[in-house]
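Rule-based calculations on the coordinates, nothing more; no lab input. In this text, all values refer to a predicted model and were calculated from it rather than measured experimentally. With ideal geometry, Cβ positions are generated from the backbone for all residues, glycine too; neighbour counts draw on all protein chains shown.
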Amino acid sequence: AWCCTFQIWRLVANFVFLGGFGIPFVIRIMMIARYGVFLEKTTFEGRTADFAFMLIFGMVVFLATGALIPPLYMPVGSASLVFMLVYVWARHNPDQNVNLMGIFQLKAFWLPWALMMLTVLMGGSPMADLMGILVGHLYYFLTVLHPRAGGGDYVKTPQFLTQFINNTYGGYGFVNSNYQPPRAAPRAFQGRGRRLGDN
């Protein structure tokens, strides 16, 4: 075990190792490049510390789950972490249309589940994908759904991490100058809005 041999670096290394080169490796790279990067550039724009803490939160939960529930232990956690990114992106962009393998078009909300089904069809185990979805939902619930319902915000980025990243990136983090928020949906029966007394 890593704790007996003092190989503490393995706690992080298993989340950056994407496995041997093959179709699963290519799919995970594409998922990171498309959804992980897009999530950082839009939802977490200017909040690099929050994005980093989201990753740390996921890694800690994966490690704790594997330690407390041995059947759920995974020696390599990169697949779950990537799926967590996809799930969080999908929850923040549920109505966006996405193409799966260039064939099927679906709403982003269903993308994580479709990708998990693709893993099953390719003969793989869905456990890592499902763990990523569950931990991603836990993070989204604690940071978005629960506070929105009037509950407390229990997952906050530590101040020291914010200060460290702000000092490293000059206080701005990652800023996407080309990002434009989606236009508001048109409202029905919207008139020109004339005031009383105007001709």
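See the values below:
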item	result
Extension gain (nm, one decimal) between Ile103 and Ala64, 0.36 nm per residue minus Cα-Cα	10.2 nm
Zone residues, the stretch 39-74, relative to Met127, backbone N less than 18 Å from point 7 Å out along Cα-to-Cβ	61-74
The stretch 34-146, dipole about Cα centre (Lys/Arg Cβ +1, Asp/Glu Cβ -1), debye to the nearest 20	80 debye
Potential extension, Leu55-Asp95 segment - 0.36 nm per residue separation minus Cα distance	12.0 nm
Formal net charge of residues neighbouring Trp89 (Cβ-Cβ distance under 10 Å; K, R +1; D, E -1)	+1
Residue-count net charge about Val98 - beta-carbon cut-off 11 Å; Lys, Arg +1, Asp, Glu -1	+1
